[in-house]
Amino acid sequence: MKDRIINVLAAFESDNIGKSFPLDYCLPLYHSVSDRELPHIKHVIRYKNTKQFEEDLDHLAKNFQFVDWQGFKEFTSGNFKPKKKIALLTFDDGFREFYDVATPILERKGIYACNFVNPAFIDNKDMMFRCKASLLADAVEKNKIIDPEVYHVFSLDNQVDRGVLQKNILQVNYQGKDMLDQLAEKLEVDFKAYSKEFKPYLSTEDLKELTRKGFGISSHSWDHPKYGDLSLKEQMETTDKTFAYLKENGFLYESFAFPFTDFEVQRDFFDELFKNEEIYCSFGCAGVKLDSVKKNFQRIPMEMGESGEQILKRETAYFKLKRLINKNTILRK
Ligand SMILES: [Zn+2]
């Protein structure tokens, strides 16, 4: 119902999104771009192909002025008055397609992007648990026979539809992630062999090369936990460890993007985070929204199975609707 109302409102949004967009900055978020089927991502992210990605970029470039990290800092601190509203392109998770597919396009178009990475997965030392879940969901689809034990783990009857089993696997959270390693054996998936063969993540050398090319490599926590589920101490440990890693390697240590979501992250974390004066700001991904923590900027997820143009219209309509009822700012305890 909510989606239907927003879609109807979005249809009335002007085509001149550069004008109607409600904030003076636009922060699109991607993970991957590929023309291929990527089993470790496809069940968890609806990534775009190169044509869709280029269309998004062209639409954004028409309506906004792309900036780099320096430009973003100057703009948000009031030292730079652009002709158009600005856009800062961001990627999360440090997947190899950022280097292989996205940056050649970005270099051709002269667009900067920053990728927020998890040091635990760099050099393919490990794989994020969501990617593991995606690989397992893929095996459920493709394996001829499934060990009944796999169903038992989720207390499912082994007669249920495979889609139900997939759904259960995809719902496993960070705290339950060890379960995925046990399931892998039963589903004959070898995460290590997959990592070795396909190298889903960028290497330290790749990140250094991207930095030399002028792209940003910044923090997405050590190994992608959901911050809302962690204690303040745990939140700071994973954040500080990543900050030190970035600094050591000459990467962009001035920002931090929350893994998953900043939902239910309270003010005490931000107070603690910004005690480190070298951190300029943080990023969430709640779409077009304001945040009561002024240094926390919300980004727009662009991998929702729609064109960038549709997403920006829908986000604009939704923001205006929320503004009517004073719900367009995230409040924190
Ligand atoms: Zn992420």
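What's the extension gain from GLN65 to VAL153 if we count 0.36 nm per residue and subtract their Cα-Cα distance?
Here the answer is 26.6 nm.
Would you work out what percent of the accessible area of the chain, with all protein chains in place, is carbon or sulfur (probe 1.4 Å)?
Heavy-atom surface of the chain belonging to carbon and sulfur, 1.4 Å probe: 50 percent.
For a protection proxy built on the mean count of beta-carbon atoms within 10 angstrom, sort 99-110, 210-221 highest first, please.
Per-residue Cβ counts within 10 Å, averaged per peptide and sorted highest first, yield 210-221, 99-110.
Could you tell me which helices of the chain pass both thresholds, a Cα extent of 15 Å or more along their own axis and a mean Kyte-Doolittle hydropathy of at least 0.0, with helices taken as whole DSSP H runs?
Sorted by number, the helices that extend far enough and score high enough are 129-142.
Per residue, how much accessible area does region 129-196 have with a 1.4 Å probe, in Å²?
Result: 57 Å² of accessible area for each residue.
Modelling each spin label as a point 7 Å along the Cα-to-Cβ direction, I'd like the GLU37/LEU232 distance in nm, to one decimal.
4.9
Counting Lys and Arg as +1 and Asp and Glu as -1, each charge on the Cβ, what is the dipole of the chain about the Cα centre in debye, to the nearest 20?
With only Lys, Arg, Asp and Glu charged at Cβ, the dipole is about 1380 debye.
Given a 1.4 Å probe and the protein chains all in place, what does the accessible area of LYS167 round to, in Å² to the nearest 10?
Using a 1.4 Å probe on the heavy atoms, I get roughly 130 Å².
To check my understanding: the extent here is largest minus smallest coordinate of the Cα atoms along each principal axis. What are those three numbers for region 24-93, in Å, largest first?
Dimensions of region 24-93 along the principal axes of its Cα atoms: 44, 23, 15 Å.
Rg and Dmax in Å for the chain, alpha carbons only: what are they?
Spelled out, the Cα radius of gyration and Dmax of the chain are 20.3, 63 Å.
Quick check: from the Cα gyration tensor, does region 1-138 come out rounded (a/c under 1.5), prolate or oblate?
oblate
Calculate, for LYS186 and LYS275, the FRET efficiency according to 1/(1 + (r/R0)^6) with r their C-beta to C-beta distance and R0 45 Å; round to the nearest 0.05.
Efficiency, from the Cβ-Cβ distance: 0.45.
With every protein chain present, what accessible area does LEU324 have (1.4 Å probe, heavy atoms only), rounded to the nearest 10 Å²?
140
Using 20 Å as the cut-off for backbone N distance, which residues of region 2-27 belong to the label zone defined by a point 7 Å from the Cα of LYS81 along Cα→Cβ?
Hits in region 2-27 for LYS81 at 20 Å: 19, 23-26.
Of LYS81/LYS247; LYS2/LYS132; LYS83/LYS241; LYS51/LYS199; LYS2/LYS83; LYS196/LYS289, which sit over 28 Å apart, Cα to Cα?
LYS81/LYS247; LYS2/LYS132; LYS83/LYS241; LYS2/LYS83; LYS196/LYS289
Compute the distance in nm between two label points, each set 7 Å from the Cα along the Cα-to-Cβ direction, one at SER203 and one at ASP100.
About 1.4 nm, to one decimal.
To the nearest whole percent, what portion of all C-alpha pairs in region 129-196 is separated by more than 18 angstrom?
That tail contains 27 percent of the Cα-Cα pairs.
Picking from ILE45, ILE145, ILE111, which is most flexible by a Gaussian network model of the chain using Cα springs under 10 Å?
Of ILE45, ILE145, ILE111, the most mobile in the Gaussian network model is ILE145.
Treat each spin label as a single point 7 Å out from the Cα along the C-beta direction, and report the ASN49 to LYS327 distance in nm.
3.7
Under the rule of at least 5 residues apart or a separate chain, name every residue whose amide H is placed under 5 Å from the amide H of LYS48.
Residues meeting the criterion, in which the H sits 1.01 Å from N, are SER32, SER34.
When the helix-only estimate is applied to the chain (DSSP H runs of n ≥ 4, each -39,500 (n - 2.57), divided by the residue count), what is the mean residue ellipticity at 222 nm, nearest 500 deg cm²/dmol?
So the calculated ellipticity at 222 nm is -12000 deg cm²/dmol.
The values are calculated or read from the model by the stated rules, or taken from the named source; none is laboratory data. These numbers were taken from a predicted model, which means no experiment stands behind them. Don't worry about glycine lacking a Cβ; one is built from the backbone with ideal geometry, like all the others, and counts go over all protein chains shown. When the accessible area is computed, the model is the full protein with side chains, heavy atoms only, and any ligands, DNA or RNA have been set aside. Shrake-Rupley method; radii C 1.70, N 1.55, O 1.52, S 1.80 Å.
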